[in-house]
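**Student:** Just dropping this structure here.
The values are calculated or read from the model by the stated rules, or taken from the named source; none is laboratory data. Every value quoted in this text rests on a predicted model; they were computed, and no experiment measured them. In this analysis, Cβ positions are derived from the backbone assuming ideal geometry, glycine residues included, and neighbour counts consider all displayed protein chains. Only protein heavy atoms, including side chains, enter the accessible area calculation; ligands, DNA and RNA are left aside. Shrake-Rupley method; radii C 1.70, N 1.55, O 1.52, S 1.80 Å.
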There are 2 protein chains.
Amino acid sequence: MKRTHGCGELSRGNVNEKVTLIGWVAKRRNLGSLVFIDLRDRSGICQVTFDETMAAKVQEVRSEFILQVSGTVQMRGAANPKMKTGEIEVLAEDVMIVNRAETAPITIADDTDTSEDNRLKYRYLDLRRPVLQQILMLRHKVCMIARNTLDAEGFVEVETPILARSTPEGARDYLVPSRIYNGKFWALPQSPQIYKQLLMIAGMEKYFQIARCFRDEDLRSDRQPEFTQIDIEMSFGDEDTVFAVVEKLMRDIFKGTIGVDLEEHFVRIPYAECIRRYGTDKPDLRYGNEIQDLSGLFRDTEFQVFRNVLDNNGVIGALRFENAADKYSRKGLDKLQDFVKHGFKAKALAYLKMENGSLSGSVFKPLSEAEREAIVKELDMHDNDLVLIIADTPKIALSALGALRVRLAKELDIIPQDVYKFLWVTDFPMFEYSEEEERWVACHHPFTAPKAEDVGKLFSDPEHVSSRAYDLVINGYELLSGSIRIHDQDLQEKVFEAIGLTMESARQRFGFFLDAFRYGTPPHGGVGIGLERLVMVLAGTDNIRDVVAFPTTNSSFDMMSEAPNVVDKAQLDILGIEITKKDSE
Amino acid sequence: MKRTHGCGELSRGNVNEKVTLIGWVAKRRNLGSLVFIDLRDRSGICQVTFDETMAAKVQEVRSEFILQVSGTVQMRGAANPKMKTGEIEVLAEDVMIVNRAETAPITIADDTDTSEDNRLKYRYLDLRRPVLQQILMLRHKVCMIARNTLDAEGFVEVETPILARSTPEGARDYLVPSRIYNGKFWALPQSPQIYKQLLMIAGMEKYFQIARCFRDEDLRSDRQPEFTQIDIEMSFGDEDTVFAVVEKLMRDIFKGTIGVDLEEHFVRIPYAECIRRYGTDKPDLRYGNEIQDLSGLFRDTEFQVFRNVLDNNGVIGALRFENAADKYSRKGLDKLQDFVKHGFKAKALAYLKMENGSLSGSVFKPLSEAEREAIVKELDMHDNDLVLIIADTPKIALSALGALRVRLAKELDIIPQDVYKFLWVTDFPMFEYSEEEERWVACHHPFTAPKAEDVGKLFSDPEHVSSRAYDLVINGYELLSGSIRIHDQDLQEKVFEAIGLTMESARQRFGFFLDAFRYGTPPHGGVGIGLERLVMVLAGTDNIRDVVAFPTTNSSFDMMSEAPNVVDKAQLDILGIEITKKDSE
């Protein structure tokens, strides 16, 4: 008796065939002398019917027992349209109990009966849920396609160390004490950044790696302490070369997994324009509702609030939503007001509604007739349109309007499903000022090349230096970031200087990397694609734990194995460390 | 000017084509007004000729400069048969210096000019050596083939955690202190063993992962602190199922990389027989020279030395080597004598030679005429044959003879090259007695199933319990080990008990894993294939550092980045640890 089919593979085409299945009991029903068992394996679920002569053999069988069943496929009396195999059933002729099971502590058919923590504790049972198995298989497929596409494009996958030197990126490193060199530590890599650049210097030309990365951050709900990156780096190219590879990769992955044809080239918008139009560098392009700058309309306004804002170099920005006026009562608008005040420190939210041909709203009265008409014309307002206006500093106004755009799109349900809008955001600023550290810091990382025309401004006007960094955004999520790197040692040293990193400190931390630049470094650049985010988009889930086989909680704790955990003092002794502080338990 | 070809791709077929190359200067020669430059990229090396009009443009060019050159391919006056592109050259018409290079601290053409430590320090330059680049590309190819074959066979790659719970395997764990749970630690996985078994319990049925593993051991020359394993696990199969998958995988990899056709099925030899015939569980089957048991011939001997050995349950084993008698003088034989005495505690090494039709040797005189004739007949001795004999305890005699077999095969140069002999060693003992720990320990790991017929002997006769563990050996190297696992909770608990692991201690360390067995565990088994070893065999190198992009020294130190290294006290403070012992520097 050898397994002939997966449970989910049987269909009308197998009728009258003798088959042997192996699987877990998903459900068992006694109907008088008949017993019906839904048998589940990785491929799906199938109904097996045990008649009077067979029923006795499955009397003790309960949910999650493993059975091996041989029998004949037959059409069902009444098809079950909810099951993929609902047209047929297997009439059991032989059955063997492969293994028994106690009552499972969680429900496997769905995830509604208990807390997520409890399901994480019994992750090996939760993973029996068909939806999670499908996502793990989807993730595997994404990686297979990525590797085959990159291999075909001449990229070579190279494994870089996990036991590494601390990297000069933003987040905290996980440290690993050395037993042989007591007092010294490895760091788990936040990304293979330095190694992949060294591989370019080594002449590998086209590198990739589906690489594990580690960041000891306070987790948000979409982060895990370890995550995976489709890491790519190439020599002798520019933005066009890198983008073409990523676009091919995305086309192959979307076509190969969910059957969606993506466009040949993705839209590109420079960072500054992106902020102006969407108030964010991660705009969701599945809908319009762009921010409109009304400042020009109010150059000569007598409305004191707008006047003051403009006099202080502020902006007046607006969003228009069709058919939304009747959806936002005074109370609803108050909630939006709170949202921008508390979330973005905006001073106020103004609104206008066009209802039954007439305009009303919080700024109806303060504005002149001409100004009202100008707004209606400028924003092309029609009946039942809602317009939200914020007058504030550019930073506050744009970020608040950007967030309102997202919030109303969701509330108004105007986001089309199964649509995938990619966007390259380019020309990021090179530096941002850190109030905390009282210095300019690199927005991307300090190996990113400044735009050639801005090199002269590195010290005189760092705020306005643009970099060759780019992000790929999909449906409002950042899918990857990357950049063209510096390949000139002098320029690299200047950039370190600009962010206040002394050469002494830079040399101490990654002197080997600076040295490497001296011996013939090719121009190069690349990207790191967030694999979990990509799979989340493809699977249509917002929970990162759905796409990770063995995830942790938001506080980096593995409920299943209870890791991290205590270790013997003897283990610490040979590492030459001791515990000075214990988490209260 | 866009790159049209790789340097190594040009041949006679490209003559008269206009090409553009980008690469590193491997060599530069001035011949009067002509300059010849060997340009190197990932694909190979090509000669570029700069005539009178162009020579001035490359006057400053030195080794490892990066050039972009356009020109026309032409036949060379005299071909260089040592170069793949030796028939042609490119006559330069345009050249651009892409980047400059200082004089490299190591030679890139070969590895003869400096110590390995120095080459490791400048690994990014050493990796420019074509032979190392070829091996990295070979490693990539092995992984691509492995993934595509396993995917086609229905296996799903699942990533398991690197930040994990300490595993119950033999070696020391690398530990990672937790910042959020001060006083607690993760362990880096020695293998994904527990996770892959949990994936079987989760119903994934066929899993694989090309997985990073970590062991904090005192390194031997063929180990690295982190290494990679092609990790495979499957449900509902037995040894035949597992072996068939691995054999298919090996056939595809050997065919796809070095073009070698392997046999459909590999030889299988049970452990005990393997030890009897080869004195080792990792025999090299590329040559014969098996150990012959002569004990039966000497049942009634009057030679006191043999008599004593047999009376004490010892054995008399022999090896025969053809055409070797004249290669081992008295002095050479004395060296072998020292080898078995010091390496294996053998009491003595006896020998016989057949030269010009007459027998001589250290045991010629003590043996009777009949015994001598029996040996000649039993071993089929011919002229110029050398026979080595050890009479000792079975353990000493067999291991010493096994080592002699390997040593003489090398010294006599009888090992055929480019031959790949695979061997499954099966039926390993379940337990071995640890003198150090004064208890029986698992030979493989404690999740390995005992053979069904031996379960009754778990406590009464642990020494003679065989397990369902197996190794795959190639040309004398262990390529993988694996086993059919226990899938029954009661049996698992018994095995823990047999190795003196209390249920309390087992529960504390991996209680979650024991719990998992209760809820419907399928029969399952798998393997972990050493990727580095596999690539070493395919590349024909004995140095593990040749197959790792960024290797460490034998003392786990990365010469390039100088990792591990010191960290700030502040970093340790937030982890709640402090250093108690520092390595003297």
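**Student:** Hey, if you drop one equal point scatterer on each alpha-carbon of the range B:10-53 and run the Debye formula without solvent, what base-10 log of I(q)/I(0) do you get at q = 0.17, 0.34 Å⁻¹?
**Tutor:** For the range B:10-53, the Cα-only Debye profile gives -0.53, -1.16.
**Student:** Quick one: which residues, 5 or more positions from B:ASN99 or on another chain, have an amide H under 5 Å from its amide H? H modelled 1.01 Å from N in the peptide plane, none for Pro or chain starts.
**Tutor:** For B:ASN99, whose amide H was placed from the backbone, the distant partners under 5 Å are B:ILE66.
**Student:** Straight-line reach from B:LYS365: which aspartates and glutamates have a Cα under 15 Å away, not including same-chain ones fewer than 8 places off?
**Tutor:** Candidates past the 8-residue exclusion: B:GLU302, B:GLU373.
**Student:** Further, regarding this structure: Per residue in the range A:37-59, which ones lose no less than 40 Å² of accessible surface when going from chain alone to all protein chains (1.4 Å probe)?
**Tutor:** Listed by number, the residues meeting the 40 Å² cut-off are A:ARG42.
**Student:** Which whole number gives the average, over all residues in B:212-223, of C-beta atoms from other chains lying within 10 Å of the residue C-beta?
**Tutor:** Counting other chains' Cβ atoms within 10 Å and averaging over B:212-223 gives 2.
**Student:** Helix A:394-411 sits at what angle to the longest principal axis of chain A, using alpha carbons and giving 0 to 90 degrees rounded to 10?
**Tutor:** 30 degrees
**Student:** Given the whole protein assembly as supplied and a 1.4 Å probe, what does the accessible area of A:GLU102 come to in Å², nearest 10?
**Tutor:** Surface open to solvent at A:GLU102 totals about 90 Å².
**Student:** Then there is this: Place the label 7 angstrom along Cα→C-beta at A:THR107 and in each other copy, then list the distances from the first to the rest in nm, shortest first.
**Tutor:** Label-point distances to the other copies, shortest first: 7.4 nm.
**Student:** Which distance in Å, rounded to a whole number, links the C-alpha centroids of the range B:214-248 and the range B:65-123?
**Tutor:** 39 Å
**Student:** Give the accessible surface of the range A:168-310 per residue, rounded to a whole number of Å², with probe radius 1.4 Å and ligands, DNA and RNA excluded.
**Tutor:** Solvent-accessible surface per residue comes out at 35 Å².
**Student:** I want to make sure I understand the PRE zone here: with the label point 7 angstrom from the Cα of B:ASP542 toward its beta carbon, which residues in the range B:319-363 have backbone N atoms less than 19 Å away?
**Tutor:** B:336, B:339-340, B:343
**Student:** Among B:PHE447, B:PHE557, what's the order by accessible area (1.4 angstrom probe), most exposed first?
**Tutor:** Details: B:PHE447 0, B:PHE557 40 Å².
So, going from the largest accessible area down, we get B:PHE557, B:PHE447.
**Student:** Ordering B:VAL406, A:VAL73 by how much accessible area each has at a 1.4 Å probe, largest first, what is the list?
**Tutor:** The residues order as B:VAL406, A:VAL73, largest area first.
**Student:** For the protein assembly as shown, what does the alpha-carbon gyration tensor say about shape, rounded, prolate or oblate, given a ≥ b ≥ c as the root eigenvalues, a/c under 1.5 as rounded, and a/b over b/c as prolate?
**Tutor:** oblate
**Student:** Net charge near A:LYS18: determine it from the other residues with C-beta under 12 Å of the C-beta of A:LYS18, scoring Lys and Arg +1 and Asp and Glu -1.
**Tutor:** Neighbourhood net charge equals -2.
**Student:** If you don't mind, another one. Please give, to one decimal in nm, the separation of the simple spin-label points placed at B:ASP326 and B:ASN16, each 7 Å out from Cα toward the Cβ.
**Tutor:** 6.1 nm
**Student:** Each residue of the range B:152-165 in turn: what ³J(HN,Hα) in whole Hz from Karplus with 6.51, -1.76, 1.60 and θ = phi - 60°, glycine and Pro shown as x?
**Tutor:** Karplus values, whole Hz, x for Gly and Pro: 5, 8, x, 7, 10, 7, 10, 7, 9, x, 8, 7, 9, 8.
**Student:** Assign one of three labels to the range A:365-406, namely rounded, prolate or oblate, based on the Cα gyration tensor with a ≥ b ≥ c the square roots of its eigenvalues; rounded applies when a/c is under 1.5, prolate when it is not and a/b is larger than b/c, and oblate otherwise. Each step should come with its number before you reach the end.
**Tutor:** Working: a/c = 2.72, a/b = 1.51, b/c = 1.80.
Since a/c reaches 1.5 but b/c is at least a/b, the shape of the range A:365-406 is classed as oblate.
**Student:** Give the Rg/Rh ratio for the range B:210-264, taking Rg as the radius of gyration of the Cα atoms and Rh as the Kirkwood radius, to two decimals.
**Tutor:** 1.09
**Student:** Can you give the average number of partner chain beta-carbon atoms within 10 Å of each beta-carbon in peptide A:150-160, as a whole number?
**Tutor:** 5
**Student:** Probe radius 1.4 Å, ligands and nucleic acids left out: can you give me the accessible area buried at the A-B interface, summed over both chains, in Å² to the nearest hundred?
**Tutor:** Accessible area lost upon association: around 10800 Å².
**Student:** Residue by residue through the range A:351-357, what is 3J(HN,Hα) from phi via Karplus (6.51 cos²θ - 1.76 cosθ + 1.60, θ = phi - 60°)? Round to whole Hz and write x for glycine and proline.
**Tutor:** 8, 9, 10, 10, 10, 6, x
**Student:** Sticking with this one: Treating the angle as unsigned and between 0 and 90°, give the value, to the nearest 10°, between the Cα long axis of helix B:330-344 and the longest Cα principal axis of chain B.
**Tutor:** That helix lies at roughly 80 degrees to the long axis.
**Student:** Using a basic spin-label model with each label point 7 Å from the Cα along Cα→Cβ, how many nm lie between B:ARG307 and A:ILE180?
**Tutor:** 5.4 nm
**Student:** Just need the relative contact order of the range A:308-365 here, percent rounded to a whole number, with Cα pairs under 8 Å and 6+ apart.
**Tutor:** 19 percent
**Student:** Something else: Report the one residue of A:PRO523, A:PRO450, A:SER467 whose Cα lies farthest in the direction of the positive end of the charge dipole of the range A:423-545 (charges on C-beta: Lys and Arg +1, Asp and Glu -1; origin at the Cα centre).
**Tutor:** Of the candidates, A:PRO523 comes out farthest on the positive side.
**Student:** With every protein chain present, what accessible area does A:ASP338 have (1.4 Å probe, heavy atoms only), rounded to the nearest 10 Å²?
**Tutor:** The accessible area of A:ASP338 comes to roughly 80 Å².
**Student:** Then there's this: With a ≥ b ≥ c taken as the square roots of the eigenvalues of the C-alpha gyration tensor of the range B:7-99, please select rounded if a/c is under 1.5 and otherwise prolate if a/b is larger than b/c or oblate if it is not?
**Tutor:** Rounded, since a/c falls under 1.5.
**Student:** Select from A:SER295, A:VAL305, A:SER329 the residue farthest towards the positive end of the dipole of the range A:273-347; place +1 on Cβ of Lys and Arg, -1 on Cβ of Asp and Glu, and compute about the Cα centre.
**Tutor:** The listed residue farthest towards the positive side: A:SER329.
**Student:** While we're on this one: So what is the relative contact order of the range B:403-451, in percent, for Cα pairs below 8 Å that sit 6 or more residues apart? Before the final figure, lay out the partial values.
**Tutor:** On the way: 21 pairs, mean separation 10.8, N = 49.
Relative contact order of the range B:403-451: 22 percent.
**Student:** Now, a different point. Too long at a 21 Å Cα-Cα cut-off: which of B:LYS341/B:LYS395; A:LYS121/B:LYS184; B:LYS341/B:LYS377; A:LYS2/A:LYS82; A:LYS248/B:LYS84; A:LYS206/B:LYS2? Intermediate values should be presented prior to the final figure.
**Tutor:** Values: B:LYS341/B:LYS395 14 Å; A:LYS121/B:LYS184 18 Å; B:LYS341/B:LYS377 28 Å; A:LYS2/A:LYS82 29 Å; A:LYS248/B:LYS84 33 Å; A:LYS206/B:LYS2 16 Å.
Result: B:LYS341/B:LYS377; A:LYS2/A:LYS82; A:LYS248/B:LYS84 exceed 21 Å.
**Student:** Find out how many positive minus negative residues lie around B:MET54, taking Lys and Arg as positive, Asp and Glu as negative, among other residues whose Cβ is under 10 Å from that of B:MET54. Intermediate results must be reported in sequence, preceding the final value.
**Tutor:** Numbers: positive: B:LYS57; negative: B:ASP51, B:GLU52, B:GLU93, B:ASP94.
That works out to -3.
**Student:** Take the range A:287-415, drop everything but the C-alpha atoms, weight them equally and run the Debye formula without solvent; then report log10 I(q)/I(0) at 0.10 Å⁻¹ to two decimals.
**Tutor:** -0.27
**Student:** Counting Lys and Arg as +1 and Asp and Glu as -1, what is the net charge of the other residues whose Cβ lies under 9 Å from the Cβ of A:VAL387?
**Tutor:** Net local charge, A:VAL387 excluded: +1.
**Student:** What does a probe at B:ILE258 reach in the range B:408-431, counting residues whose amide N is under 11 Å from the point 7 Å along Cα→Cβ?
**Tutor:** B:417-421
**Student:** For A:ASN384, what residues show an amide H to amide H distance below 5 Å, using hydrogens built from the backbone and excluding near sequence neighbours?
**Tutor:** Residues meeting the criterion, in which the H sits 1.01 Å from N, are A:MET354, A:GLU355, A:ASN356, A:GLY357.
**Student:** Quick one: pull the percent of accessible area on chain B belonging to carbon and sulfur, 1.4 Å probe, ligands and nucleic acids left out. Intermediate results must be reported in sequence, preceding the final value.
**Tutor:** Values: 11500 of 24520 Å².
Reported share for carbon and sulfur atoms: 47 percent.
**Student:** Right, next: Enumerate the calculated ³J(HN,Hα) couplings along the range A:471-482 in order (Karplus 6.51 cos²θ - 1.76 cosθ + 1.60, θ = phi - 60°), each rounded to whole Hz, writing x wherever the residue is Gly or Pro.
**Tutor:** In residue order, the calculated couplings are 10, 10, 10, 10, 6, x, 10, 7, 9, 7, 9, x Hz.
**Student:** When the expected Rg is taken as 2.2 N^0.38 Å, what fraction or multiple of it is the alpha-carbon Rg of chain A?
**Tutor:** 1.20
**Student:** Let me ask something else about it. Please report the accessible area of A:GLU322 (heavy atoms, 1.4 Å probe, ligands and nucleic acids excluded) in Å², nearest 10.
**Tutor:** A:GLU322 exposes around 120 Å² with every protein chain in place.
**Student:** Would you calculate the separation in nanometres between label points at B:ASP218 and A:LYS581, each defined as 7 Å from the Cα along the Cα-to-beta-carbon direction?
**Tutor:** Those two pseudo-labels are separated by 3.6 nm.
**Student:** Could you tell me what % of all Cα pairs in the range B:335-411 have separations over 20 Å?
**Tutor:** Working: 1003 of 2926 pairs.
The answer is 34 percent, as a whole percent.
**Student:** 222 nm [θ] for the protein assembly as shown, helices only, -39500 (n - 2.57) per DSSP H run of 4+, per residue, to 500? Please report the intermediate quantities before stating the final value.
**Tutor:** Numbers: 30 runs with 332 residues, N = 1170.
My calculation for the protein assembly as shown gives -8500 deg cm²/dmol from helical runs alone.
**Student:** For the range A:82-122, list residues with backbone N below 12 Å from a point placed 7 Å from the Cα of A:LEU34 toward its Cβ?
**Tutor:** Only A:89-92 pass the distance filter.
**Student:** What is the set of long-range amide H partners of B:ARG439 at a cut-off below 5 Å, with H atoms built 1.01 Å from backbone N?
**Tutor:** Here the answer is B:SER434, since their amide H atoms fall under 5 Å of that of B:ARG439.
**Student:** Compute the long axis of helix A:489-498 from its Cα atoms, compare it with the longest principal axis of the Cα atoms of chain A, and write down the angle in degrees, 0 to 90, nearest 10.
**Tutor:** On a 0 to 90 degree scale, this one is about 70.
**Student:** Would you give the gap between the C-alpha center of the range A:301-341 and the C-alpha center of the range A:343-418, rounded to a whole Å?
**Tutor:** Result: 6 Å between the Cα centres.
**Student:** I would also like to ask the following. Run the numbers on chain A and let me know its relative contact order in percent, using alpha-carbon pairs under 8 Å that are six or more apart.
**Tutor:** RCO, chain A: 13 percent.
**Student:** Given a Förster radius of 60 Å and the C-beta distance between A:SER368 and A:LEU491 as r, what FRET efficiency does 1/(1 + (r/R0)^6) yield to the nearest 0.05? Intermediate values should be presented prior to the final figure.
**Tutor:** Working: r = 54 Å, r/R0 = 0.90.
Efficiency, from the Cβ-Cβ distance: 0.65.
**Student:** Another question about this same structure. State to the nearest 20 debye the size of the charge dipole of the protein assembly as shown about its Cα centre, where the only charges are +1 on K and R beta carbons and -1 on D and E beta carbons.
**Tutor:** The dipole magnitude comes to about 240 debye.
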